Structure formats: C-alpha cells, structure tokens
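Each reported figure results from applying straightforward, stated rules to the coordinates on display, with no laboratory input. Keep in mind that this is a model prediction, so the values were computed, not measured. Ideal geometry is used to build each Cβ from the backbone, glycine not excepted, and the neighbour counts take in all protein chains shown.
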Amino acid sequence: MNDIKFIQKSIGAKQPSTISRLLHNFNFTVGMVILILLIAMAVLAPLIATTDVNEANPLTTFIKPGIEHPMGTDNIGRDVWSRFVFGGRVSLVVGLAAMVIGMILGSLLGVVAGFYGSWVDSILSWLTEVLMAFPGILLALTVMAILGPGLSNVIIAVGVGSIPQFMRMARSSVMKTRELDYIDAARVIGCTDARILFIHVLPNILRPLIVLATLGIGGAILEGASLSYLGLGAQPMTPEWGSMLSSGRAYLNNAWWISVFPGVGIFLAILSINMIGEGLNEVIDPVNRQ
Amino acid sequence: MWNYLGRRMLTSLSILIGVSVLTFLMLHFVPGDPVRALIGRQSVTPERLEEIREEMGLNKSLPEQYIDYMKKVVSGDLGRSLKNNRPVLESIMEQFPSTLKLTFFSLIISTTLGIFLGATAAATYNSWFDRVLSFFCIAGISVPPFFLGLLLILFFAVRNKLLPAVASTNDWRGMILPAVTLGFGEACWLARMVRSSILDEMNKNYQNLARAKGLSEWSILWNHVMLNARIPIITAVSIQFVYLMAGSVVVESIFARQGIGRLAVTAIQNRDFPLVQGTVTIIAVVYVLSNTITDILYAVVDPRVRLS
C-alpha cells in the first residue's frame, strides 16, 4: 500500500485531498453524521417536539416508550422525547458557549504571555500551572461554589476550567510567530503592540485554537452535564440532559427510560466529537499519513 | 540528580503557594460581602455583622488575612464547617480513607485493563481486532461516568440483583460497581496511550536483534518494547490517579458513597465555604504531590531525564 503511494507520488500522480481522505475516514464520517443529526435535532426542536416540555399530565405518568410517546413519559407525565430534544439544545449550547469563553480568555492570556515574555510570561505561566493543579471538574466546582448554582454559571465555570489549555496553546504559538520577519517589519513601520497582536499575530494562531475549542466541546458538554447532574446547574423545570438523567434515577426500578435516553444523548454528543477528533488526527498527523 | 530534585521541589512549592492563594481568595471572589457568604441566609443585625467581621479577622488587609490563614492551615486548622460547626480537617480525615480505597481499587482496574487492552491492540496492529478495540475505547472515553454508573446499577443491581449498588463501607462487593464506573473510562484512555507508545517503539533495531536471537514476538513485546514504552505509561498511570480522585466527586454521588468527593459536593451545594476550601485544597495538594512524585520517578527510571 505504502509502495503504491510512493510510486504515485514520484511519478506525480495526484494525491487525494485532505477533504477526500477525511470523507473516507470511518471515525470522521460517522462522528460528523452523528453530530449533524444532533445539531439538526436541537435546531428543529420546536418542530419535532410533540408536546410542551413542561406539560405535566397526572393521567399519563410512567408510560413505556411507544408510538404516542417515543421515549415514554416521566413521573409527572411529561413527554420524555420533547424534553430530550429541547434538552439537547441546552446541553450543546452549554458546551459551545463554555468553549467560546475559555478560548477567548485563555487565548488573551496566552497571547499576552507569549508576546511580552519576561516577567509577564513567568507570572501568567505560573498562574496556569496553579490553575492546572485543580483537575478540570474540581476547578469548575470551585467556580460553582463561588458563583452559586444556575445554568449560566455552569457555562462560566466550565469555560474558566478550560482556560489553562487555551492559554498554553496560544502562548506557544505566539512564541513561534513572534520571531518571524513580518512581525519585525510591522514593528519597523511603527505598528503599536495592540495592532501587531490583534491584526498580525492573532489571525495566524487562530487555527490550532479553533481546533482545540472544537474538540474540547465534548469535554465541556460532559462537565456541564456533570454539574447539572450534581444539582448545581439546570433547575428541574429546564430540560437539560444531565439534570433529566439525575431526576430519573429515583424511578430506575420501574421506568428506566426517564434517565437512560438523556444519558444516551450525552454519550452520543461526546462520542461524535471524539470520533471527529480521532479522524482528524488519523488523517492530518504526518506519522499516520505515511 | 540532586540538582533536578531541588528544581522540581521548588516548582511544586511555588504551585502549592499559588493553590493556597487561590483557595484563600475564593471567599473574596464571592459577589457581595464575604461575611454574608460565611453566615449564609441568617438575618443578623449590622452590629453583629461587624462583630463577626472582627472575630474572623476580615477587617484586616488581604495580605494580613492571608498570613493568618496560612498560619492556621500549616498548623492543621482548616476552620470549622458552617453547617455543623465541626472542624473541617476532622471531616476530611474521616472521609478520606473511603475515597483513597475507591481510587486505588479503580486504579488497579484501569491500569491492568488499560495496559492489557493497549498491548493487545498494538500486538495485533491494524487487524480487525485492533479496530474493534479502538472503537470500543473511543466509546469508553465518551461514556459519562454518571451514565455508566446508572447503566451498571440498572443491569447488576436493579434487574439482576447480582451486586449491591449501595453497600456498607466494609463490604467489598459494594466497591465493585463504583470502582468499575470510575476506572472504565480511564482504562480506555490508558489503552490508547499504551497502544500508541508501544507503536512508537515498534520496528526499532533492538527488536530485530531480539528477533535474530530467536525470542518470541510476545517476549519482545513484554520484555523489550514495554520496558522502553514505560515512561509515557508511568505518566499516564500517575495522571490517572489524580483524575480518578477528581472523578470520585461524581462517582461517590452516584453510589451515595462516603468520601471526600461527596463531601465537596455537599459543601458546595450548602455553600459551606470553609469545607469547600478544605476539600479543594486537599485534592489539589494530592494532585501536585503526585505530579512531583511522577517526575522524580522518571528521573529514577530514565537517566536521560535527570541529565537534561
């Protein structure tokens, strides 16, 4: 197989493009399909939900999954399917928003540390190492303790928890970019630091940061759902996968569907993003490409 | 070696100081008056508020308060819980053994399973078995522990009554489900690590020599490749120890087990700040210490590290 590729390359045959190799990658394609389905479900939630998310009906409690209620009903007669699709919205948005916050704050710190170097870098790098001494969920929990429970606080907590990784990535990318000629050129024509940082440096280091953020969404969804599961995030009325799963635990004996379906939702969301990451890694990493 | 040790210790010390500053400042990050955060929702007169401020030393400047805080922490006084007025250190010490037991049990599961799966996958590289295993591992990493725990409870405790979901601390069977829940994702993660570190070491010259000497592939894998692949594996295992400990926060809540993780969660739910500070400090300190020990272990195992 390798020999064929080598011969193709040496006689100038066209190598398949990255996109086409991605599309032929099992992990990438399957992950993408799952993710697109989940996003479509979240976007179309109002259309595909069969009832209002909080429409309780004492006559229809604990109905098994069937034609009328594809995922059954819960302890107060709410339709689990409708809550599931709206819950997907909340969980995906929490993951995405947290990563955006983490990326903005972490990159800012990393860019400043990498660009100015010396004592600014020492202090900021030390701060990152200190933050990293709190394992992910613990840092998020600490922030929750400070801010108090609530869904928007979950987003902030998970975002803050991801700052160190963005900061590290941004810092090392800036340190490489800083040395390039065009930065010197910009300085020679009299650009201010802020202009160099935001117009010249930042666009060049954005790509790895965006990849990091995208692949981090899975972990962010997990952390967000964990906080809600622990009762610190979404309140019981808000449909959110973590809290739905948590509130169904009490009825595991006779109504597994209340908590199992939201769990499957979280699992699929994280799985899809991990598979996309794995696929990207297999295709883009030069070690695997040979 | 001593030079390396000294530098490593100094870094750890500076991080520990940072950890203590952050946990100390936690109370001051809370929006509003720290005294309010400490006394919760009780209604008190403004005079009483000032008295508490005086008692707690909250009227001093921040650096002074930090020094007071550190003096107490170093002498083992982590304050008292706001909820039941028990010394925080006492509660932590009471809960810690249970978490440690769970963490070690999970570590054994995740390490043996992870190394075994990873080595097998590497040995059968690119076969259908390797592919199935790779997919299984991605799936394993993606399962939220609280969902895995729920499924395990559903199948083993609710449906089949094979294993208890909640058991007294002395019954080892009660440990199986929580330990598997906690260790499974880490085992899958470790398996991937082990597989790629072995593959990195594969097809090097020393293996051809071993092959020429007539050793079996299996013996080359275990006696030669694994020996060289152990550095990333040691790191992975030690990182796991701390991740498992942090993971106990969620897992102890699922199985209603005693432990420091559950203590931290209840403290956060009650906004019991001294207890939050105490539990967070302890977990972070264990984290920093185990990272330090890992780095020292490297230097012992691999002379390249201590000479660089």
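Data overview
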{"item": "Principal-axis tilt of helix B:173-201 within chain B, Cα atoms, nearest 10 degrees", "result": "50 degrees"}
{"item": "Neighbour-count order for A:Met167, A:Met175, fewest beta carbons within 10 angstrom listed first", "result": "A:Met175, A:Met167"}
{"item": "Packing-based exposure ordering (other Cβ within 10 Å, fewest first) of B:Leu151, A:Leu245", "result": "B:Leu151, A:Leu245"}
{"item": "Karplus-derived HN-Hα couplings along segment B:7-24 (A = 6.51, B = -1.76, C = 1.60, θ = phi - 60°), whole Hz, x at Gly and Pro", "result": "4, 5, 4, 4, 4, 4, 4, 5, 5, 4, 4, x, 4, 5, 5, 5, 5, 5"}
{"item": "Over chain B, relative contact order from alpha-carbon pairs under 8 Å, at least 6 apart, %", "result": "27 percent"}
{"item": "Residue order, fewest to most beta carbons within 10 Å, for B:Met1, B:Met245", "result": "B:Met1, B:Met245"}
{"item": "Under the span-like rule (Cα at least 18 Å along the axis, Kyte-Doolittle mean at least 0.0), DSSP H helices of chain A", "result": "A:26-43, A:80-116, A:118-132, A:202-229, A:257-284"}
{"item": "Whole-number D in µm² s⁻¹ for the protein assembly as shown, Kirkwood Cα-pair radius fed into Stokes-Einstein, 25 °C, 0.890 mPa s", "result": "92 µm²/s"}
{"item": "Label-to-label distance, nm, for residues given as B:Met1 and A:Ser118 (7 Å Cα→Cβ offset)", "result": "4.0 nm"}
{"item": "Calculated log₁₀ intensity ratio I(q)/I(0) where the Debye formula runs over C-alpha points of segment B:88-301, q = 0.11, 0.12 Å⁻¹", "result": "-0.62, -0.71"}
{"item": "Shielding by partners, peptide A:259-270 (average Cβ within 10 angstrom, other chains)", "result": "4"}
{"item": "Degrees, to the nearest 10: B:62-74 long Cα axis against longest axis of chain B", "result": "60 degrees"}
{"item": "Distance in nm between pseudo-label sites at B:Trp128 and A:Arg21 (7 Å out along the Cβ direction from Cα)", "result": "2.7 nm"}
{"item": "31 Å Cα-Cα threshold exceeded, pairs from B:Lys101/B:Lys161; A:Lys64/B:Lys101; B:Lys72/B:Lys101", "result": "A:Lys64/B:Lys101"}
{"item": "Relative contact order of segment A:6-138, defined on C-alpha pairs under 8 angstrom at six or more residues apart (%)", "result": "15 percent"}
{"item": "Helical mean residue ellipticity (222 nm; -39500 (n - 2.57) per DSSP H run of 4+; nearest 500) of chain B", "result": "-24500 deg cm²/dmol"}
